[in-house]
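Peer 1: Next up is a structure, given as structure tokens.
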Amino acid sequence: MDFEALYVDAQSIGGGVAETVRRAESSGVRVFALGPGVLEKIADAQTPQPVIAAVRFPVVDVGDIAVEGLTVILHDVRDPGNAGTIIRSADAGGATAVVFTGQSVDPYNPKTLRATAGSVFHLPVAVANLEETLEHFKGGGADTFATVVRGGTSLRKTDLSRASVVVIGNEASGLDDATVARCDAAITIPMAGRSESLNAAIAASLIIFEALYQRQDATASPAPRSLEEL
């Protein structure tokens, strides 16, 4: 990630952001001091921080994503809060990458970025075609799973310990039949209450951590023997 420029509230340059400005200038980043009220006009937050940075995000090619662990595909996921939360959960749960396909929200939408809480900087995020993405991972030997509200194999009975891809669908309509058919299998999260479905970000998070726990169980070392057994 390369910084293009730093925009700073002129009234704050001598205060708490002085060290940030110094480090930016020493690294060759352009720093622009903004007059009163300008920062508030260009930022999308109502009460922005006194510093805004313009950065160039690296372009991630799906073909460069390793076929290992769990990769999450967001297909037609349009809510920036959901998308950002899923990236945050993917980072926390040790996922390999998050891929945006179809009519999904821009992963670099300001609201999406804020919802990632910085996790967008920690793992590969790509924008690609769904069919090509599935082809890449299937070609590498990964299992591909579509998420469905009902009718799929229970998440608790699904093996996610090996290289896997999970496709999360649109918040309102989920995944269409054609997309489900492109995957090796469908999985459903069992629910005990009367709710019709789970929020997309919640569902994705549950799957991400189920995969994490399965991988941990698969690689766990045998418990050491006690002194009595020696």
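The values are calculated or read from the model by the stated rules, or taken from the named source; none is laboratory data. Quick caveat, the model's predicted, so the values are computed rather than measured. Every residue, glycine among them, receives a Cβ derived from its backbone with ideal geometry; neighbour counts consider all protein chains shown.
Peer 1: Can you name every residue in segment 52-100 that is modelled with pLDDT under 90 and of a type outside the set (Lys, Arg)? Give the derivation first.
Peer 2: Initial filter on segment 52-100 (modelled with pLDDT under 90): 52-59.
Residues satisfying the conditions are 52, 53, 54, 55, 57, 58, 59.
Peer 1: Considering segment 150-172 alone, what residues qualify as being of a type in the set (A, V, I, L, M, F, W, C) and either in a strand (DSSP E or B) or modelled with pLDDT of 95 or more (or both)? Reasoning before the result, please.
Peer 2: Our first condition is that a residue be of a type in the set (A, V, I, L, M, F, W, C); within segment 150-172, this holds for 155, 160, 163, 165-168, 172.
Once the filter is applied, which keeps residues that are of a type in the set (A, V, I, L, M, F, W, C) and either in a strand (DSSP E or B) or modelled with pLDDT of 95 or more (or both), segment 150-172 yields 155, 160, 163, 165, 166, 167, 168.
Peer 1: Just for segment 129-177: of the residues that are touching a Leu at 6+ places or on another chain (Cβ under 6 Å) and either of a type in the set (Asp, Glu) or free of Cβ contacts under 8 Å to residues at least 60 places away in the same chain (or both), which one is surrounded by the most Cβ atoms within 10 Å (Cβ to Cβ)?
Peer 2: Ranking the qualifying residues of segment 129-177, first place goes to 146.
Peer 1: Please work out which residue is surrounded by the fewest Cβ atoms within 10 Å (Cβ to Cβ), limiting yourself to segment 180-195 and to residues that are in contact (Cβ under 8 Å) with a residue 12 or more places away in the chain and either in a loop (DSSP other than H, G, I, E, B) or small (Gly, Ala, Ser) (or both).
Peer 2: 190
Peer 1: Among the residues of segment 196-213, is any in a strand (DSSP E or B) and in contact with a Leu (Cβ under 8 Å, 6 or more places away or on another chain)?
Peer 2: Keep residues of segment 196-213 that are in a strand (DSSP E or B), which gives none.
Within segment 196-213, none of the residues are in a strand (DSSP E or B) and in contact with a Leu (Cβ under 8 Å, 6 or more places away or on another chain).
Peer 1: Can you tell me how many residues within segment 120-135 are more than 16 Å from residue 179 (Cβ to Cβ) and either outside any loop (DSSP other than H, G, I, E, B) or among the small types (Gly, Ala, Ser) (or both)? Step through it out loud before you land on a result.
Peer 2: We begin by selecting, within segment 120-135, every residue more than 16 Å from residue 179 (Cβ to Cβ); these are 120-127.
From what is left, the residues that are either outside any loop (DSSP other than H, G, I, E, B) or among the small types (Gly, Ala, Ser) (or both) are 120-121, 125-127.
Counting residues in segment 120-135 that are more than 16 Å from residue 179 (Cβ to Cβ) and either outside any loop (DSSP other than H, G, I, E, B) or among the small types (Gly, Ala, Ser) (or both) gives 5.
Peer 1: Assuming residue 93 fulfils every condition listed in (1) of a type in the set (Gly, Ala, Ser); (2) in contact (Cβ under 8 Å) with a residue 40 or more places away in the chain; (3) not assigned by TED's automatic domain parsing to the domain that holds residue 121 apart from one, which condition is it?
Peer 2: Here residue 93 meets the rest and fails (3).
Peer 1: Given the criteria closer than 20 Å to residue 169 by Cβ, out of contact with any helix residue (DSSP H, G or I) (no Cβ under 9 Å at 6 or more places or on another chain) and surrounded by 13 or more Cβ atoms within 10 Å (Cβ to Cβ), does residue 88 qualify? Please lay out each step first, then the result.
Peer 2: On the way: closer than 20 Å to residue 169 by Cβ: yes; out of contact with any helix residue (DSSP H, G or I) (no Cβ under 9 Å at 6 or more places or on another chain): no; surrounded by 13 or more Cβ atoms within 10 Å (Cβ to Cβ): yes.
It is false that residue 88 is closer than 20 Å to residue 169 by Cβ, out of contact with any helix residue (DSSP H, G or I) (no Cβ under 9 Å at 6 or more places or on another chain) and surrounded by 13 or more Cβ atoms within 10 Å (Cβ to Cβ).
Peer 1: While we're here: Got at least one residue in segment 50-65 being crowded, with 18+ Cβ neighbours inside 10 Å, over 28 Å from residue 6 (Cα atoms) and touching a residue at least 40 places away in the same chain (Cβ under 8 Å)?
Peer 2: Scanning segment 50-65, I find at least one residue that is crowded, with 18+ Cβ neighbours inside 10 Å, over 28 Å from residue 6 (Cα atoms) and touching a residue at least 40 places away in the same chain (Cβ under 8 Å), so the answer is yes.
Peer 1: Condition first: farther than 30 Å from residue 170 by Cα, of a type in the set (Gly, Ala, Ser) and in a helix (DSSP H, G or I). Can you find one or more residues in segment 26-37 that meet it? Please lay out each step first, then the result.
Peer 2: Narrowing segment 26-37 to residues farther than 30 Å from residue 170 by Cα: 26-37.
Right, trim to of a type in the set (Gly, Ala, Ser) and you get 26-28, 33, 35, 37.
Filter once more, keeping what is in a helix (DSSP H, G or I): 26.
The answer is yes, given that some residue of segment 26-37 is farther than 30 Å from residue 170 by Cα, of a type in the set (Gly, Ala, Ser) and in a helix (DSSP H, G or I).
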